[in-house]
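Colleague: This is the structure I want to talk about, given as structure tokens.
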Amino acid sequence: MNDAAAKRYDVAVIGAGMAGMAAALFAAERGLSCVQIGSGGGILFASGLLDLLAVHPVAEHRLWPSPFDALAALAREQPGHPLARVDAASVRTAFQTFVAALTSAGMPYAPLGERNSHVITSIGTVKTSFGVPLTMVAGVEALERRLPCLLVDFRGLREFSARQIVETLAGDWPALRHQHIDFPGFESVPELYAAHLARALENRQTGERTIALIKPMLGEARAVGLPALLGLSRSSEVHAAFELGLGVPVFEIPTMPTSVPGLRLLGALEAAVAARGVTRRQLCSVRALTFEGSVATLELEGAPVAERVQASAVVLATGRFSGRGLTADRQSVRESLLDLPVQQPASREGWHERDFLDPAGHAINRAGLKTDDAWRPLDANGEPAWEKLFAIGSILAEQDWMREKCGSGLAIATAWAATDVIAGSDPQSRKSGKAGG
């Protein structure tokens, strides 16, 4: 490897989870050349729903009908929270841009509006979320109006029980029924997998046979719910065929990870960034990252041939512990690539509360990188580690995205804000290293 052979980009994004994908997408939308390093395996665990902000404060588990009202409260009460540092107009634009890209890649979402939606889960609970795939939208209305509804599952499909959902919701939704049927062509298979069934339903004859089994069971049902397996790359087409064949609205119910909607989401994001000219290094990781003047050099490993790339800006979207953006030993939490300072309790004793189920969560969940107003991570002296190094997503401090139900919102909003700075359209990019949390 040598510097002369290194290809130069405007932006290098390290990480290919939701935040990394959003950053690569937004950079390309702004006309910046971009290389993205990493695999999107974490997205496979996604439900397909795009949470913005549903719970605040966490200790009270207060659910908000409007995520934007929740964001306003968050800004008043926790101004250091990463989501509180992105204005509402930018959040709206970021989500609209993200969803438009998914729609263009074959995974359409319902119009976003101003309110959260309520979606049935595979265990019969109700999840509050913001962005809902079109294949799930009819379930939102059915739940809201408590319509007579039929839920169907398939013998041999593990971790999804229509009967369990009905029994869990029976007290509040008496017009809900369930049926258990064989999946056509898989009658003798003892254990079924959602991805295999989703691919099978892209065959027209299999879809028609499945519709024919369900239709006599409709009775008074005004909508039908199925596990989320109505196709992989052609889900809109399969979903439309089921609605036409059954003559009532049809909705998917998110399944346990790894899920078919997660596969769809990953495929749509990969298609969207590729269509916008992003260079992807999916089988690589960053072995070393160094800075010299206005240029960052990234040494990659894991591909058939080792590679070196250079960039004018670098975005850390490496996630927390599962993404290995953060690691922990018996003494402390560390940032994995550059050993940047991590905001965390002074000692390990402060990581967890005595009650494992403490409603306020644990301090370790809010550990992460501290940044200035321009999303640049700070060094040990409280100054930006490098002029054009940015950190986004769940690696940031002062948020607990799982309990706050804001994982997608955190990823999309901070990716938008950081790429605004990189593109030079944000006046904060001219500020010095003032701490923002």
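Colleague: Identify, please: which residue in the range 313-343 is in contact with a Lys or Arg (Cβ under 6 Å, 6 or more places away or on another chain) and not hydrophobic (A, V, I, L, M, F, W, C) and is, among those, surrounded by the fewest Cβ atoms within 10 Å (Cβ to Cβ)?
Modeller: Looking at residues that are in contact with a Lys or Arg (Cβ under 6 Å, 6 or more places away or on another chain) and not hydrophobic (A, V, I, L, M, F, W, C), I get THR327.
For every residue, the table says whether it meets (1) modelled with pLDDT of 95 or more; (2) within 21 Å of the chain's Cα centre (by Cα); (3) assigned to a strand (DSSP E or B).
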residue: ARG287; (1), (2), (3): no, no, yes
residue: THR290; (1), (2), (3): yes, no, yes
residue: VAL305; (1), (2), (3): no, no, no
residue: ARG320; (1), (2), (3): no, yes, no
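Colleague: Within the range 200-210, can one find any residue that is modelled with pLDDT of 95 or more, touching a strand residue (DSSP E or B) at 6+ places or on another chain (Cβ under 7 Å) and crowded, with 16+ Cβ neighbours inside 10 Å?
Modeller: no
Colleague: Same structure again: Looking at TRP386, TRP416, which one is modelled with pLDDT of 90 or more and either under 26 Å from the mean Cα position of the chain (by Cα) or in a helix (DSSP H, G or I) (or both)?
Modeller: Working: TRP386 fails: either under 26 Å from the mean Cα position of the chain (by Cα) or in a helix (DSSP H, G or I) (or both).
None of the others qualify; the one that does is TRP416.
Colleague: Would you mind finding the one in VAL91, VAL166, VAL119 that is in a helix (DSSP H, G or I), touching a residue at least 40 places away in the same chain (Cβ under 8 Å), closer than 27 Å to VAL58 by Cα and of a type in the set (A, V, I, L, M, F, W, C)?
Modeller: VAL91
Colleague: Could you figure out which of (1) surrounded by 21 or more Cβ atoms within 10 Å (Cβ to Cβ); (2) within 20 Å of ARG177 (Cβ to Cβ); (3) under 20 Å from the mean Cα position of the chain (by Cα) isn't true of GLY131?
Modeller: (2)
Colleague: Right, here's the next one. Somewhere in the range 70-80, is a residue more than 19 Å from ALA415 (Cβ to Cβ) and within 21 Å of the chain's Cα centre (by Cα)?
Modeller: yes
Colleague: Being surrounded by fewer than 23 Cβ atoms within 10 Å (Cβ to Cβ) and at pLDDT 95 or above is the filter; apply it to the range 15-51 and report the residue that is farthest from ALA94 (Cα to Cα).
Modeller: Here the answer is SER33.
Colleague: I would also like to ask the following. May I ask you to list pairs of residues, at least six apart or on different chains, whose Cβ atoms are under 7 Å apart, with the first in the range 331-359 being within 27 Å of ASP372 (Cβ to Cβ) and assigned by TED's automatic domain parsing to the domain that holds ALA385 and the second being among the small types (Gly, Ala, Ser) and loosely packed, with under 14 Cβ neighbours inside 10 Å?
Modeller: Once the first residue is within 27 Å of ASP372 (Cβ to Cβ) and assigned by TED's automatic domain parsing to the domain that holds ALA385 and sits in the range 331-359, its partners that are among the small types (Gly, Ala, Ser) and loosely packed, with under 14 Cβ neighbours inside 10 Å give PRO341/ALA380.
Colleague: Next up: Pick from LEU192, LEU150: which is within 19 Å of THR135 (Cβ to Cβ) and either touching a strand residue (DSSP E or B) at 6+ places or on another chain (Cβ under 9 Å) or hydroxyl-bearing (Ser, Thr, Tyr) (or both)?
Modeller: Just one listed residue meets the conditions, LEU150.
Colleague: If I go through the range 148-163 residue by residue, how many of them are surrounded by fewer than 19 Cβ atoms within 10 Å (Cβ to Cβ), out of contact with any Asp or Glu (no Cβ under 6 Å at 6 or more places or on another chain) and touching a residue at least 40 places away in the same chain (Cβ under 8 Å)?
Modeller: Qualifying residue count, the range 148-163: 1.
Colleague: Related question: Scanning for something surrounded by 19 or more Cβ atoms within 10 Å (Cβ to Cβ), part of a strand (DSSP E or B) and not assigned by TED's automatic domain parsing to the domain that holds LEU246, does the range 107-114 turn up at least one residue?
Modeller: yes
Colleague: Could you identify the single residue in ILE181, ILE214 that is more than 24 Å from PRO108 (Cα to Cα), in contact with an Asp or Glu (Cβ under 9 Å, 6 or more places away or on another chain) and touching a residue at least 12 places away in the same chain (Cβ under 8 Å)?
Modeller: Of the residues listed, the single one that is more than 24 Å from PRO108 (Cα to Cα), in contact with an Asp or Glu (Cβ under 9 Å, 6 or more places away or on another chain) and touching a residue at least 12 places away in the same chain (Cβ under 8 Å) is ILE181.
The values are calculated or read from the model by the stated rules, or taken from the named source; none is laboratory data. A quick note: this is a predicted structure, and the numbers were derived from the prediction, not measured. Please note: Cβ atoms are built from the backbone with ideal geometry, for glycine as well, and neighbour counts cover all protein chains shown.
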